[in-house]
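First up is the structure itself, then whatever we jot down about it.
The values are calculated or read from the model by the stated rules, or taken from the named source; none is laboratory data. The structure presented is a predicted model; accordingly, all values stated were derived computationally and were not measured. Every residue, glycine among them, receives a Cβ derived from its backbone with ideal geometry; neighbour counts consider all protein chains shown.
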Amino acid sequence: MKLKKLIVSDLDGTLFFIDEAVRKASMNVIGESLDYAGVRSLEDKALKSEIYDLYQSRYKSDLEPNQNLINFFKKCSNDYEIIVLSAREITLQKDTEDLLKRHKVPYNKVVLRSRSDLSIDDEVWKSEFFKNKINNYEEILFYEDKRENLKLVASNFKNVDKIKYFLVSGSKLEELSGKELSKS
Ligand SMILES: [Mg+2]
């Protein structure tokens, strides 16, 4: 049987730009308009997740589609299975699928974190996902806005050259070599 090809894509910061929504949510929670990088550097985890919850719910209409990437996925959708892999909580499954449908993002499946997985760091959780997929595909393209997520997968699959790594920063897209990533 011929092995299939797979695209694995992150959602927040990758398929959708989130800074505007995050700024509004952070203003609401801490009275300060921080961007995503600013919120990520907050030490208080509870505060951080309160801001994340809020931008994904109340400010979801401020999420801005990464149209270049979405158009590219449309072109790939005949040849690749597309899985959206996001560390969002599973309670947002319907919201997330509605968002993807509204912006005509092609996908076969959306995989979110179950409540019991929420305590696991998102890069570790994502890396586990690859462990279960790796043998079933001939090629996997992985899109992420967090370098550390790419890096951990690259480090855990050092000898696997069928995974290709793409860093999304704003509208820019950069392919990174797995070897370099795992060393960096
Ligand atoms: Mg992201």
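A few points about this structure:
- Tallying residues that are in a helix (DSSP H, G or I), under 15 Å from the mean Cα position of the chain (by Cα) and more than 10 Å from the ligand (Cβ to nearest atom) within the range 1-36 yields 1.
- Breaking point among (1) of a type in the set (Asp, Glu); (2) part of a helix (DSSP H, G or I); (3) touching a residue at least 24 places away in the same chain (Cβ under 8 Å); (4) more than 16 Å from the ligand (Cβ to nearest atom), for GLU81: (2)
- Pairs, first closer than 17 Å to HIS103 by Cα in the range 16-32, second modelled with pLDDT of 95 or more and polar (S, T, N, Q), C-beta under 9 Å, six or more apart: PHE16/ASN66; PHE17/ASN66
- Subset tally (residues that are among the hydroxyl-bearing types (Ser, Thr, Tyr) and at pLDDT below 95) for the range 156-176: 2
- Residue tally, condition closer than 12 Å to LEU15 by Cα and surrounded by 20 or more Cβ atoms within 10 Å (Cβ to Cβ), over the range 56-92: 6
- Every residue from the range 1-36 that is closer than 13 Å to TYR55 by Cα and not hydrophobic (A, V, I, L, M, F, W, C): ASP12, GLY13, ASP19, GLU20, ARG23, LYS24, SER26, ASN28, SER33, ASP35, TYR36
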